[in-house]
C-alpha cells in the first residue's frame with residue numbers, strides 16, 4: 001500500500017509519515033549488517049507554508065538531527081571543489097553534489113546536471129512551455145550496477161516550470177531513513193535547488209513531491225519515533 005500525505009506544515013508531514021510506518025509498516029531486514037526496520041512506500045507532497053519552513057531550515061523540535069548547517073554545506077559547489085581533490089580514503093561512499101554536478105564525461109571534463117536543470121527551467125520559462133525532461137540522476141551504471149552496497153539512496157530529481165513562474169520539485173528515492181534523515185534530506189536538497197536553479201531564474205517553489213519506495217524506521221529508533229508529537233502552533 002502506498003501512503004499519500006499532503007501537508008502545508010513540514011513538521012507535521014514528518015509526524016504523519018512516522019505514524020503511518022508505526023501503524024502499517026512491514027518488518028524488514030536490511031543488507032549484510034542485518035539492520036531491522038519497519039518499512040513503507042510513501043508519497044509526501046509539501047505546499048504553502050511547508051515550502052517556507054523547508055527553505056528556512058525549520059526542523060521538528062523533537063528531531064535528533066543536530067548537524068543541519070554542516071550537512072547543508074555538503075550541497076554547495078565550494079564543498080564539492082574541495083571534496084573532489086581529497087584522497088579516496090577521505091571520501092564518503094558517495095556525495096550527492098558529486099553525483100549531480102561532477103559527472104565524468106571524459107578525462108578532465110565533467111557534466112553538471114544541476115546547471116542543465118537551471119538552463120532547462122530558463123528555456124521553459126522563456127517558451128512558456130513546461131517539460132517533463134528536466135531531470136538529474138545519481139545512479140552510476142558502472143559502479144552502482146556491480147552489486148554495490150553503497151549506491152545512492154536518492155535516485156532522481158525532476159523539476160518542472162509552471163505558469164506564474166512556479167517550479168515543482170520531485171525527489172525519488174530507493175531507500176530512506178525516515179526518523180533520522182528525512183527532514184535534513186529535504187531541507188539540504190531544496191536549499192541547493194532553490195539557490196542554484198529556482199532563484200536565479202526568478203521563480204518560486206510551488207510544490208515538493210517526495211517519493212520513497214522504502215521509507216523506514218530502524219528498530220533502534222521505534223520508541224523515540226513513538227514520542228514525536230503533532231506540531232500545532234506553527
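Every test in (1) over 10 Å from the mean Cα position of the chain (by Cα); (2) surrounded by fewer than 22 Cβ atoms within 10 Å (Cβ to Cβ); (3) modelled with pLDDT of 95 or more is passed by residue 171 save one, and that test is (1).
So, residue 188, is that one modelled with pLDDT of 95 or more and either within 9 Å of the chain's Cα centre (by Cα) or surrounded by fewer than 18 Cβ atoms within 10 Å (Cβ to Cβ) (or both) or not? Explain how you work it out, then say what you get.
Details: modelled with pLDDT of 95 or more: yes; either within 9 Å of the chain's Cα centre (by Cα) or surrounded by fewer than 18 Cβ atoms within 10 Å (Cβ to Cβ) (or both): yes.
Yes.
Pairs linking a residue in the range 139-168 that is on the phi > 0 side of the Ramachandran plot to a residue that is surrounded by 14 or more Cβ atoms within 10 Å (Cβ to Cβ) and part of a loop (DSSP other than H, G, I, E, B), with Cβ atoms under 8 Å and 6 or more positions apart or on different chains, are 165/203.
Elements of the type strands (runs of 3 or more DSSP E) sitting completely within the range 1-51 and holding at least 3 residues that are within 20 Å of the chain's Cα centre (by Cα) and touching a residue at least 40 places away in the same chain (Cβ under 8 Å): these cover 2-7, 35-47.
Each row is one residue, and each column tells you yes or no for (1) touching a strand residue (DSSP E or B) at 6+ places or on another chain (Cβ under 8 Å); (2) assigned to a strand (DSSP E or B).
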residue: 125; (1), (2): yes, no
residue: 132; (1), (2): yes, no
residue: 141; (1), (2): no, no
residue: 152; (1), (2): no, no
residue: 171; (1), (2): yes, yes
residue: 196; (1), (2): no, no
residue: 215; (1), (2): yes, yes
residue: 228; (1), (2): no, no
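Among the conditions (1) at pLDDT 95 or above; (2) not in a helix (DSSP H, G or I), residue 234 misses just one, which is (1).
From 58, 74, which residue is touching a residue at least 12 places away in the same chain (Cβ under 8 Å) and farther than 25 Å from residue 137 by Cα?
Working: 74 fails: farther than 25 Å from residue 137 by Cα.
None of the others qualify; the one that does is 58.
A Cβ distance below 6 Å, combined with a sequence gap of six or more or placement on separate chains, defines the contacts here; from the range 185-203, residues that are over 17 Å from residue 135 (Cα atoms) reach residues that are part of a loop (DSSP other than H, G, I, E, B) in the pairs 187/57; 188/75; 203/165. Summed over the range 202-212, the residues that are surrounded by fewer than 19 Cβ atoms within 10 Å (Cβ to Cβ) and farther than 18 Å from residue 13 by Cβ give a count of 2. Of the residues 34, 72, 23, the single one that is at pLDDT 95 or above and exposed (fewer than 12 other Cβ atoms within 10 Å of the Cβ) is 23.
The values are calculated or read from the model by the stated rules, or taken from the named source; none is laboratory data. Note that the coordinates shown come from a computational prediction; the quantities given were computed from them, not determined experimentally. Here Cβ is always computed from backbone atoms with ideal geometry, including for glycine, and neighbour counts include all displayed protein chains.
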